[in-house]
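Participant: Here it is, the structure in full.
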Amino acid sequence: MLAALSIRDFVLIDRLDLGFEDGLAALTGETGAGKSILLDALGLALGGRAESGTVRKGAAGAAVAATFDLPAGHPAAAMLAEQGLDAPEPGAPLILRRTLGADGRSRAFANDQACSVGLLRQLGALLVEIHGQFDTHGLFDAGTHRALLDQWAGLGKDAETTARAYDALKTARDALAAERAKLEEARREEEYLRHAARELDEADPKPGEERELAEKRALLQAREKLAGALAEAKGEIEAHKGVEGALRAAARALERAAPQAGGRFDAAIAALERARSETLDAAAAIDDAAEALNEGGADLEKTEERLFALRALARKHRTDVDGLAALRADMTAKLAALDAGEGNLKKLEQAERGAKSAYLAAAKTLSAAREAAAGKLDKALAKELPPLKLDKARFRTRLEKLDEAEWGAGGLERVAFEVATLPGAEPGPLAKIASGGEMSRLMLALKVVLAAAGAKRGALPTLIFDEVDSGIGGAAAAAVGERLAKLAKTAQVLVVTHSPQVAARAATHLRVAKTTGAKSASTSVALLSAPERREEIARMLAGATVTDAARAAADALLAGEAA
C-alpha cells in the first residue's frame with residue numbers, strides 16, 4: 001500500500017508530506033485547487049513523463065518520493081533483484097524517488113539506489129493503478145481481459161500448463177521448420193554436392209600436400225644443374241689416377257717400408273685406408289644421386305600436373321589447397337545428412353504431433369474452465385450493476401475461438417468484456433458502448449468483483465480513482481461511494497471526488513486547497529478532523545455558502561457512512 005508521499009517544488013506545491021492509511025481515502029477540494037497536481041506528482045515518482053515546466057517557478061528542481069509498504073512475497077522485490085538492486089528487507093518500505101531539474105533532466109531511485117526510469121515505471125505498475133473518468137486502459141483494454149478472467153477464476157495453474165505446453169509445441173515446430181529448411185537447401189544443392197564430392201574424392205587431396213609438391217617440383221626443376229655438379233664431383237675424384245688409386249698407392253708405399261719403421265707408419269697407413277674407404281662411399285653416393293636424378297625426369301611433369309590440378313580445384317571452390325580436405329569432409333557430411341534427413345524429419349514430425357496433442361489437451365481444459373468462469377463472472381457483475389443504477393445494463397464475457405494460426409501461450413480463445421446499456425441492444429466493447437459516467441461505474445463494478453475473488457488484504461495494488469463519480473449524483477453517487485468502501489476492504493483505495501456522497505464513505509479525508517498571493521499561488525493538503533470533515537462535506541453540498549441545512553445534510557451522510 002501507499003504509505004507516504006513527499007513532494008518538493010512541484011508546480012504549485014512548495015513542500016508537502018502526506019501519510020496514507022489503509023482503506024478508502026477521499027481527496028476533495030474546489031475545482032482548480034490542485035487535486036490533479038497530487039496525481040501528477042505521484043505519477044512522476046512512478047516513472048511518468050518528466051517535464052521541466054512542472055518544476056515550481058524559481059526552484060532549481062523538483063523531487064517526489066512515494067513510500068510503499070510491501071506484503072511478503074510481493075513481485076516488486078523479485079523485480080529489483082533481477083535488476084541487480086537490493087530489495088527491501090521484510091517489513092521495510094520500498095521508496096520510489098524521482099528528481100527533476102529545471103533543465104528537464106531527471107533521475108530515478110529505488111530505495112536510494114539509482115535505476116532507470118523504465119524500471120521505476122515497471123515497479124509503479126505493480127504498486128498502483130490509476131483510473132480516470134475516460135480511462136481506456138486497464139479494464140477497458142481487451143488485451144487484458146483473458147488474464148483478468150483467469151485471475152478471477154483462479155486458473156493460474158491451468159494457464160501456466162497451457163503456456164508451457166505451447167512453448168514445447170513452438171520449440172518442436174521451430175526444430176521441424178529448421179530441419180525442413182535444411183533439407184530443402186540440401187536438396188537444391190544435392191546435384192552440385194554430389195558432383196563436387198566425386199571430384200574431390202578423385203583428387204583425394206591431403207593436408208600439406210601442396211608444400212611437398214612445390215618442394216619436389218623445385219628440386220626437379222634444378223635437375224640439370226644438380227646433375228652437372230655430380231658429374232664434376234665424380235670427375236675430380238677420377239681425374240688422373242683417381243683419388244682412390246692415389247690413396248691406395250700411397251698406402252702401399254708406406255706398407256713396404258713399415259717393417260723398418262718400428263710402427264711409426266701405422267697411423268698414417270690407417271688414415272689412408274679410411275680416406276680411401278670414404279672416397280669409395282662418396283663416389284657411390286654420387287652415382288646413386290645421379291641415377292635418381294636421371295630416373296626423375298618424368299616425375300617433373302607428373303608433379304607439376306598434380307600441383308596445378310590441386311591449385312585449380314582450390315580456386316574453383318574459393319579456398320586454399322590445404323582447405324580442400326576439410327571441404328571434402330564437409331560435403332560428405334552434408335550428403336550423409338541429406339541421406340539421413342528423411343528419417344530425422346519423420347522423427348521431428350512425430351515430436352511436433354505429440355507436442356500439439358499435449359498443447360490441445362491443456363488448452364481445451366483451460367477453455368472449458370474459462371467457459372464456466374465466464375458465466376459465473378457475468379452473474380457476479382449482474383448483482384453489482386443495479387446498486388450502481390445500471391439495472392438496465394447487461395454485462396457479457398465473450399469467448400471467441402481463434403484460428404489455429406492465432407493459437408498461442410494464452411490458449412485457444414480471445415476473451416472480451418462487453419456491455420449493453422439499452423434493453424434489447426447487442427453487447428459491445430466497454431469503451432465504445434458506455435457513456436463517461438457509465439464507464440466509471442462499470443469499471444468500479446468490475447474492480448469490486450475482481451478484488452473479491454479471494455484476494456488477500458494488501459495483495460492488490462493501490463487503486464486510485466480520479467473523479468470516478470463524474471457525471472452522476474444522488475443515489476448513483478451514494479452507490480459509488482458504497483462500492484468504493486467495499487473495494488477498500490480488499491485493497492487500498494484513493495478517490496479524487498466532487499461527490500459528498502462518496503467523500504462521506506471514506507475512512508480518511510484529505511482536503512486540497514490553493515492559496516493565491518499577490519505574486520504567487522501554492523497548493524496545500526490537510527488531513528481533516530471530524531469537525532473539519534463535516535464542514536467540507538457541507539461545502540460540497542451547498543457550494544460557496546455553507547448553511548445549517550447543508551451541515552445537517554452532511555451529518556446525515558456521515559451518519560449513513562457510520563451506520
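Participant: Output the antiparallel fraction of DSSP beta bridges having both residues in the chain, as a percent to the nearest 5.
Facilitator: Roughly 75 percent of the beta bridges in the chain run antiparallel, per DSSP.
Participant: Here is a follow-up. Per residue, how much accessible area does the chain have with a 1.4 Å probe, in Å²?
Facilitator: That works out to 52 Å² for each residue.
Participant: Further question: Along the Cα-to-C-beta direction of Q350, a point sits 7 Å from the Cα; which residues of segment 172-193 have their amide N less than 18 Å from that point?
Facilitator: What the label zone holds, given the 18 Å backbone N cut-off, is 172-173, 175-177, 179-180.
Participant: Past the 18 Å Cα-Cα mark, which pairs from K401/K432; K170/K401; K182/K334; K364/K401; K216/K302; K182/K356?
Facilitator: Result: K401/K432; K170/K401; K182/K356 exceed 18 Å.
Participant: Further question: Treat each spin label as a single point 7 Å out from the Cα along the C-beta direction, and report the S357 to N111 distance in nm.
Facilitator: According to this spin-label approximation, the distance is 4.9 nm.
Participant: How large a share of the accessible area of the chain, in percent, is made up of carbon and sulfur atoms when the probe is 1.4 Å and the other protein chains stay in place?
Facilitator: That fraction is 52 percent.
Participant: Residues of segment 41-79 with the amide nitrogen closer than 20 Å to a label point 7 Å from the Cα of K519, along Cα-to-Cβ, please.
Facilitator: 55-61
Participant: Apply the Karplus curve 6.51 cos²θ - 1.76 cosθ + 1.60, θ = phi - 60°, to the phi angles in segment 282-290 and return the couplings in whole Hz, x for Gly and Pro.
Facilitator: Result, rounded to whole Hz: 4, 5, 5, 5, 5, 4, 4, 4, 5.
Participant: So who's got an amide H within less than 5 Å of the one on H509, skipping anything under 5 residues away but keeping other chains? H placed 1.01 Å off N, in plane.
Facilitator: A26, L528
Participant: Can you give the Kirkwood hydrodynamic radius of segment 484-529 from its Cα pairs, in Å with one decimal?
Facilitator: 12.5
Participant: On to the next question. Got the relative contact order for segment 1-115 handy, in percent, Cα pairs under 8 Å and 6 or more residues apart?
Facilitator: After rounding, I find 27 percent.
Participant: Which whole-number percent gives the relative contact order of the chain, counting Cα pairs below 8 Å spaced six or more residues apart?
Facilitator: 21
Participant: By per-residue mean of other Cβ atoms within 10 Å, what is the highest-first order of 486-494, 181-189?
Facilitator: Ranked by mean Cβ neighbours within 10 Å, highest first: 486-494, 181-189.
Participant: Could you go through segment 248-262 in sequence order and give the Karplus-derived ³J(HN,Hα) for each residue, using 6.51 cos²θ - 1.76 cosθ + 1.60 with θ = phi - 60°, rounded to whole Hz, and x for Gly and Pro?
Facilitator: Residue by residue, segment 248-262 yields 5, 4, 5, 5, 5, 4, 6, 5, 5, 9, 4, x, 7, 8, x Hz.
Participant: Go through segment 14-87 and name the trypsin sites (Lys or Arg not before Pro) that are in a DSSP coil and have 11 or fewer other Cβ atoms within 10 Å of their Cβ.
Facilitator: Of the trypsin sites (Lys or Arg not before Pro), the ones in loops of segment 14-87 whose Cβ has at most 11 other Cβ atoms within 10 Å are R49.
Participant: For n ≥ 4 DSSP H runs only, could you compute -39500 (n - 2.57) per run for the chain, divide by its residues and tell me the 222 nm figure to the nearest 500?
Facilitator: Estimated from H runs of four or more residues: -18500 deg cm²/dmol.
Participant: Taking 0.36 nm per residue of separation and subtracting the Cα-Cα distance, what length does fully extending K376 through D322 add?
Facilitator: Net length gain for the segment: 12.0 nm.
Participant: How far apart, in nm, are two points set 7 Å out from the Cα along the Cα-to-Cβ line at A368 and at Q83?
Facilitator: In this crude label model, A368 to Q83 measures out at 4.3 nm.
Participant: Separate question: If packing is taken as the average number of other Cβ atoms within 10 Å across a peptide's residues, how do 62-72, 324-334, 536-546 rank, most packed first?
Facilitator: By packing density, highest mean first, the sequence is 62-72, 536-546, 324-334.
Participant: How would you order 245-256, 362-373 from highest to lowest mean count of nearby Cβ atoms within 10 Å?
Facilitator: 362-373, 245-256
Participant: Mind listing the phi-derived Karplus ³J(HN,Hα) values for segment 63-80, rounded to whole Hz, using 6.51, -1.76 and 1.60 with θ = phi - 60°, and x for any glycine or proline?
Facilitator: 8, 9, 10, 10, 9, 10, 8, 9, x, 4, x, 5, x, 4, 5, 5, 5, 5
Participant: How much length would be gained if the chain were fully extended between L254 and Q151, taking 0.36 nm per residue of separation minus their Cα-Cα distance, in nm to one decimal?
Facilitator: Stretched out fully, the L254 to Q151 stretch lengthens by 25.0 nm.
Participant: Kindly identify segment 519-563 as rounded, prolate or oblate by the Cα gyration tensor criterion: order the square roots of the eigenvalues as a ≥ b ≥ c, call it rounded if a/c is under 1.5, otherwise compare a/b with b/c, prolate if a/b is larger, else oblate.
Facilitator: Taking the square roots of the gyration eigenvalues as a ≥ b ≥ c, segment 519-563 is oblate.
The values are calculated or read from the model by the stated rules, or taken from the named source; none is laboratory data. None of these values were measured; they are calculated from a predicted model. Every residue, glycine among them, receives a Cβ derived from its backbone with ideal geometry; neighbour counts consider all protein chains shown. We work out accessible area using only protein heavy atoms, side chains counted, and drop any ligands, DNA or RNA first. Shrake-Rupley method; radii C 1.70, N 1.55, O 1.52, S 1.80 Å.
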